[in-house]
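Report on one structure; see the data block that follows.
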Amino acid sequence: MDLSEYQAILLDLDGTLYHHEHPLPGAVNLLLRLQAEGKLFACLSNSTSSPVRIAERLMRMGVSVEADHIYSAAAATADYVVQTFAPRPRIFNLSTESIREMLEGQVDWVQQDGEPCHAVIVGTPTNVYATEERQRIALGLLRKGAQLVGICADRVYPSTRGLEFGVGALSAMLAYAAGRQPVFCGKPQPVFFNKLCTRLSVDPKRCLLIGDNLEADIVGAKNVGMKTLLTLTGVTRRRDLSAVAAEWQPDGIVEDLSEV
Ligand SMILES: [Mg+2]
């Protein structure tokens with residue numbers, strides 16, 4: 001496949017480049033080719049982890065990608081709150097150590113209910129900062145007007161144990177209890193793709209997104225004008241496409257990345 005017409009290649013991670021702890025067919029070769037050609041590329045994930053931590057995880061699988069070639073929903077969330085609540089955001093963290101690391105020094109951390117707070121950052125129910133006591137503090141802050149910022153809207157996510165409650169599930173619980181409307185920063189939200197393109201200094205219309213998830217990857221990317229390629233190694237099956245309107249069909253389909 002000729003990739004020369006694109007300014008940047010955007011690659012989903014889970015279900016596209018790897019599954020659990022294993023790279024998928026063609027993934028390592030495609031990354032090596034992009035690196036050898038000096039092609040601009042980024043690896044994308046709705047993860048609540050930082051690019052640095054995701055790069056470490058990829059390294060343990062034998063896949064070498066630098067953190068500045070990785071963009072996660074957690075990174076988009078950090079970008080969002082820094083820009084939206086400038087000059088000095090006041091943030092309550094209900095999510096991950098990654099969020100704390102990325103925002104340390106750029107925000108003031110809210111600790112208690114009753115303190116002024118711009119936003120509550122919500123991750124999954126099993127994230128280290130989502131303790132029962134902190135959920136109660138978050139509820140109080142949200143009811144007093146803090147914005148509910150969900151890292152992504154995923155209802156569930158797959159793990160080796162099966163399906164786990166996703167960020168969207170905990171966000172929905174808090175939003176319902178607080179009577180608030182959440183804001184989400186991950187795929188398929190346009191804010192995710194637009195912030196990524198701003199970081200890369202590229203035009204979305206000249207990017208190719210390769211992903212396994214019709215809703216989060218393909219529809220999200222098409223919404224901002226990107227070209228899309230669906231790989232059948234993850235959640236979306238070929239039969240799922242028959243129920244989808246023509247305008248949301250991927251521009252191409254491959255069995256796995258070795259066809260790229
Ligand atoms: Mg995926």
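The values are calculated or read from the model by the stated rules, or taken from the named source; none is laboratory data. Owing to the predicted nature of the structure, the values given are computational and were not obtained by experimental measurement. Don't worry about glycine lacking a Cβ; one is built from the backbone with ideal geometry, like all the others, and counts go over all protein chains shown. Note: areas computed on protein heavy atoms with side chains; ligands, DNA, RNA excluded. Shrake-Rupley method; radii C 1.70, N 1.55, O 1.52, S 1.80 Å.
Between a first residue in region 224-235 that is within 9 Å of Cys207 (Cβ to Cβ) and a second residue that is in a loop (DSSP other than H, G, I, E, B), which pairs have beta carbons less than 7 Å apart while being 6 or more apart in sequence or on different chains?
Hits for this filter: Lys227/Asp251.
Looking at region 155-163, is at least one residue polar (S, T, N, Q) and surrounded by 14 or more Cβ atoms within 10 Å (Cβ to Cβ)?
no
If you scan region 17-51, which residues turn out to be β-branched (Val, Ile, Thr) and closer than 21 Å to Ala216 by Cβ?
Thr48
Considering only residues of region 190-217 that are within 16 Å of the ligand (Cβ to nearest atom) and in a helix (DSSP H, G or I), which is surrounded by the fewest Cβ atoms within 10 Å (Cβ to Cβ)?
Glu215
Taking the condition more than 16 Å from the ligand (Cβ to nearest atom), in contact (Cβ under 8 Å) with a residue 24 or more places away in the chain and not basic (Lys, Arg), does Ser242 pass?
Answer is no for this residue.
Looking at Val82, Val128, Val122, can you tell me which residue is over 28 Å from Pro190 (Cβ atoms) and away from the ligand (no atom under 16 Å from the Cβ)?
Answer to the selection: Val128.
Evaluate the following for Leu58: is it open to solvent by less than 10 Å² (accessible area, probe 1.4 Å), over 21 Å from Ile137 (Cβ atoms), touching a residue at least 12 places away in the same chain (Cβ under 8 Å) and within 15 Å of the ligand (Cβ to nearest atom)?
Spelling it out, Leu58 is indeed open to solvent by less than 10 Å² (accessible area, probe 1.4 Å), over 21 Å from Ile137 (Cβ atoms), touching a residue at least 12 places away in the same chain (Cβ under 8 Å) and within 15 Å of the ligand (Cβ to nearest atom).
On the basis of being surrounded by fewer than 16 Cβ atoms within 10 Å (Cβ to Cβ), assigned to a loop (DSSP other than H, G, I, E, B) and outside the structural domain of Thr126 (by TED's automatic domain parsing), does Gly234 make the cut?
Here the answer is no, as Gly234 does not meet what is asked.
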